[in-house]
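Below is one structure, written out as structure tokens, with a few remarks after it.
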């Protein structure tokens, strides 16, 4: 624990993937995805402030046990070992003790080891995972891309500002991984299923599985 605390002190100057602060959440962040956060817990206010000042990432991991907000008497949090690096795109302080953050998903990572500090923050040694290869959407899956484009244009018409869109530009509707990831974010899938899809290292397979969901739900023919 002492070693972990010393490593966290280093965050004030340099944040590396050998001391990555983690943010366990009840959702899954995909590369390229947007994540709005309302932060009020001390452990995360301090961490986000340090990351923003250093221009450094933090890691978003999906909870498998426990709650996003610590509760008295609750058991220890547990989370998936594969997560996504997040960088802070925008941050506001509406009032003392509250941060409104807009984060963006970057590269996936796998946790090699993790420690929980005294005030509750998790930090981890992680290894970056290879980014999705750019794979063009094949003809038999074009319907998934077309349907996503229609959904995004509909959302765009109703969004007062670009910042309120759930998907950021540019839209890469010809890229299997990008299309699959955006559908995973928009569809009301169980968190466990989203996690398994995010962990897949083949973007074409991910899109094929998403296509099956779209067909079963009647979203695409």
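Taking every alpha-carbon pair under 8 Å whose residues sit at least 6 apart, the chain reaches a relative contact order of 21 percent. Peptides 128-134, 53-59 ranked from most to least packed, by the mean per-residue count of other Cβ atoms within 10 Å: 53-59, 128-134. Once both axes come from the Cα atoms, what is the angle between helix 203-217 and the longest principal axis of the chain, in degrees from 0 to 90, rounded to 10? Approximately 70 degrees, to the nearest 10. Considering only Cα atoms, the convex hull volume of the range 139-217 works out to 97 Å³ per residue.
For the chain, the longest principal axis of the alpha carbon atoms and the long axis of helix 142-158 meet at an angle near 70°.
Translational diffusion of the range 101-181 was estimated from the Stokes-Einstein equation, with Rh taken as the Kirkwood radius over Cα pairs; at 25 °C and 0.890 mPa s the coefficient is 156 µm²/s.
Among the listed options (1) 41, 17, 16; (2) 35, 24, 14; (3) 32, 19, 16, the one matching semi-axes √(5λ) of the Cα gyration tensor in Å as calculated from these coordinates is (3).
Readers should treat all values here as calculations from the given coordinates under stated rules, not as data from a laboratory. Because the structure is a prediction, the values reported are computed rather than measured. Glycine also receives a Cβ, built like all others from the backbone with ideal geometry; neighbour counts cover every protein chain displayed.
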